[in-house]
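Colleague: Here it is, the structure in full.
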Amino acid sequence: MNCEAASRLLDLYLYGELPWEQEQVLEEHLANCDACRRQLEQVRALHDLIQHSQPDLPDTVLFDCRRHLHERLQAAAPPQRSWWVTVLRPAWGLRIAAAAALLVLGFFGGRWTASRPAPPIPQPSPDTLSARIRFIEQEPGGLVRIGIEERHQRTLRGRLDEEPIQRWLLAAAREAADPGLRLDSLDLLRARAQHEPVRRALLDAVQRDPNPGVRLKALEALKPFAAHPEVRETLAQILRSDENPGVRIQAIDLLIEQQRREDLVGLLQEIVQRESNDYVRLRCRQALQELNASVGTF
Amino acid sequence: MTPEPEPGSATEASGVSRPLADWVRAAQRGDPDAFERLVRACDRGVLRLAWNMLRSVEEAQEVYQETFLRAYRNLHSFRADSDFQTWLYRIASNVCLDYLRKRKTRREATLGAPSDDGARQPLDLAVEARPEADPQRLLLNRMIADRIRHALDQLTPRERLVFELRHFHGMRLKQIGQIVGASEEAAKTCLFRATQKLRAALADLVQQRSPGSAGGQHEL
């Protein structure tokens, strides 16, 4: 293999898309050709550059898309059933016969049990339109059991300072599966961050929420309380341990705003030593300069 | 709190991930929750594909909606033993290509009018206004990103799509072939052409950055 042929294969080699034999021949060539090895490194660098050049969309765009799609799906007709589902379903005649049998059973069963007290059966209501039947079982004595899964949606309306509304928002901030809902809850709750349960929820979100966008939102809400000892302690903790550099930098910004150097300089010096992310390290150095402190420890 | 499942996170030997296959069957039986679970398992990648291909937040959002609504309407035609992600990406890819074609037609129709190419989306500015932003580094990154974006724009829509799926979504050429409706070999040729064009257009970026660029080097 000559250098020109090797050069043409480098991208596919890095993608792991060369056939085994071709890969072997290329690797033999690379082992003996400095120039091609350097070129391989350049191609690798280009791949990395392209990879990191495309900014991701903020999560809020994704959440908006989901919300909009959810609304459109609610409005859309149910999807057509798959042909195999249709084929596997019992034939109409059989289904009508089964329904008639159930009616007969129900009629005689009802007569037999007429004298026995029975709990009232809820009447079908508009709610049951959205109900889904989960099972139908026959019981001895001509009774029929129908399992219905119902979905009830309720709307609550109230002011932010009303206790039930706040309780729901706190629950959503902690437990909603959708990060968009957690984000919305925190956004509303930040106006009440002077209250202990809300501040506690914000601190929890900063430390435990799996979504960095939500953690950033909680940090933003904690900004007016950055001088609070517990908040500072939490900020120091996430500066040491949060996996997201954006969150760590936000923590630095909140910490230095308070201008309390005594406990901050040591922390920033520690982070400069151990931090792997260039931006975070740079921000720590800048912060130390702003505090007129040296970067290293002596 | 349970993190969202990633597509293919529990992929079996058959290539069909277990939760996805279960949700597909439930959705085909008419369970709307199952379909929304499918959406959440795959939608991040679909939105990213649309955003990278179109570079417009508004169009990316439209592609997202169109893709999942088409999937919802045509779910009955999906064979449960095939790969849902491949099927979904095929829909998303077709919608993206439609948008690129429409955009080209619009551009040709308004030939001579000022182009909006290179116009900076508000989002670009928002992304760059992150707390870690350092002005000098930001400017350099922005120049490099613009160069790369311009080079990607020079690819044909098909080359762009194949490159996108391989480079940013890490898909194998076999799967990419299934998505774009071509053989694995044709997808490979397409990827080869795309990478050669990008190397030619962006060679100076890595030669400037590479520490050993003084001599004895081949041209990219």
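Colleague: Restricted to the range B:60-69, and to residues that are surrounded by fewer than 20 Cβ atoms within 10 Å (Cβ to Cβ) and under 18 Å from the mean Cα position of the chain (by Cα), which residue is nearest to the other protein chains (Cβ to nearest Cβ)?
Modeller: Looking at the filtered set, the residue picked out is B:GLN65.
Colleague: When the range A:203-212 is examined, which residues are found to be in contact with a Lys or Arg (Cβ under 9 Å, 6 or more places away or on another chain) and in contact (Cβ under 8 Å) with a residue 24 or more places away in the chain?
Modeller: The answer is A:ASP204, A:ALA205, A:VAL206, A:GLN207, A:ASP209, A:ASN211.
Colleague: Does A:ASP263 count as out of contact with any Gly (no Cβ under 9 Å at 6 or more places or on another chain) and closer than 30 Å to A:ARG174 by Cα?
Modeller: no
Colleague: I'd like the residue in the range A:164-194 that is outside any helix (DSSP H, G or I) and among the aliphatic types (A, V, I, L, M) and, out of all such residues, is farthest from the other protein chains (Cβ to nearest Cβ).
Modeller: Of everything passing the filter in the range A:164-194, A:ALA193 is farthest from the other protein chains (Cβ to nearest Cβ).
Colleague: Which numbered condition in (1) more than 8 Å from every other protein chain (Cβ to nearest Cβ); (2) without any contact (Cβ under 8 Å) to a residue 60 or more places away in the chain is the only one that B:GLU36 fails?
Modeller: Status for B:GLU36: all satisfied but (1).
Results for (1) small (Gly, Ala, Ser); (2) in contact with a Lys or Arg (Cβ under 7 Å, 6 or more places away or on another chain); (3) modelled with pLDDT of 85 or more; (4) under 25 Å from A:ALA191 (Cα atoms), shown as yes or no for each residue.
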position	(1), (2), (3), (4)
A:VAL214	no, yes, yes, yes
A:PRO224	no, no, yes, yes
A:GLN237	no, no, yes, yes
A:SER241	yes, no, yes, no
A:SER276	yes, no, no, no
A:ASN292	no, no, no, no
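Colleague: Being more than 7 Å from every other protein chain (Cβ to nearest Cβ) and outside any helix (DSSP H, G or I) is the filter here; which residues of the range A:59-79 pass it?
Modeller: Scanning the range A:59-79 gives a single hit, A:ALA77.
Colleague: Taking the conditions exactly as written (closer than 22 Å to A:LEU170 by Cβ, in contact (Cβ under 8 Å) with a residue 24 or more places away in the chain and not assigned by TED's automatic domain parsing to the domain that holds A:PRO179), does A:VAL295 satisfy them or not?
Modeller: no
Colleague: Another one. How many of the residues making up the range B:11-50 are at pLDDT 80 or above, assigned to a loop (DSSP other than H, G, I, E, B) and surrounded by 18 or more Cβ atoms within 10 Å (Cβ to Cβ)?
Modeller: 0
Colleague: What residue, among those in the range B:185-197 that are within 18 Å of B:GLY170 (Cα to Cα) and buried (at least 17 other Cβ atoms within 10 Å of the Cβ), is farthest from the other protein chains (Cβ to nearest Cβ)?
Modeller: The selected residue is B:CYS190.
Colleague: Here is a further query. Are any residues in the range B:73-92 within 10 Å of chain A (Cβ to nearest Cβ) and without any contact (Cβ under 8 Å) to a residue 40 or more places away in the chain, and if so, which ones?
Modeller: Listed by number, the residues that qualify are B:ARG73, B:ASN74, B:SER77, B:ARG79.
Colleague: Contact list please: Cβ distance under 7 Å, first residue in the range A:13-36 and closer than 25 Å to B:MET171 by Cα, second residue surrounded by 14 or more Cβ atoms within 10 Å (Cβ to Cβ) and of a type in the set (Ser, Thr, Tyr), pairs at least six apart or on different chains.
Modeller: Qualifying pairs under 7 Å: A:GLU23/A:TYR13; A:LEU26/A:TYR13.
Colleague: When only residues in the range A:195-216 that are among the charged types (D, E, K, R) and within 13 Å of chain B (Cβ to nearest Cβ) count, which is surrounded by the most Cβ atoms within 10 Å (Cβ to Cβ)?
Modeller: The extreme case among them is A:ARG215.
Colleague: Return the pair list, or none, for Cβ contacts closer than 8 Å from residues in the range A:49-69 that are over 18 Å from B:MET53 (Cβ atoms) to residues that are of a type in the set (Ser, Thr, Tyr) and in a helix (DSSP H, G or I), at least 6 apart or on different chains.
Modeller: Here the result reads A:LEU69/B:TYR64, each pair linking the range A:49-69 to a residue that is of a type in the set (Ser, Thr, Tyr) and in a helix (DSSP H, G or I).
Colleague: Mind counting the residues in the range B:170-184 that are more than 10 Å from chain A (Cβ to nearest Cβ) and surrounded by fewer than 17 Cβ atoms within 10 Å (Cβ to Cβ)?
Modeller: Adding up the residues that qualify gives 2.
The values are calculated or read from the model by the stated rules, or taken from the named source; none is laboratory data. Predicted model only: the values in this text are computed from it and were never measured. Here the Cβ is made from the backbone with ideal geometry for all residues, glycine too, and neighbour counts use every protein chain on show.
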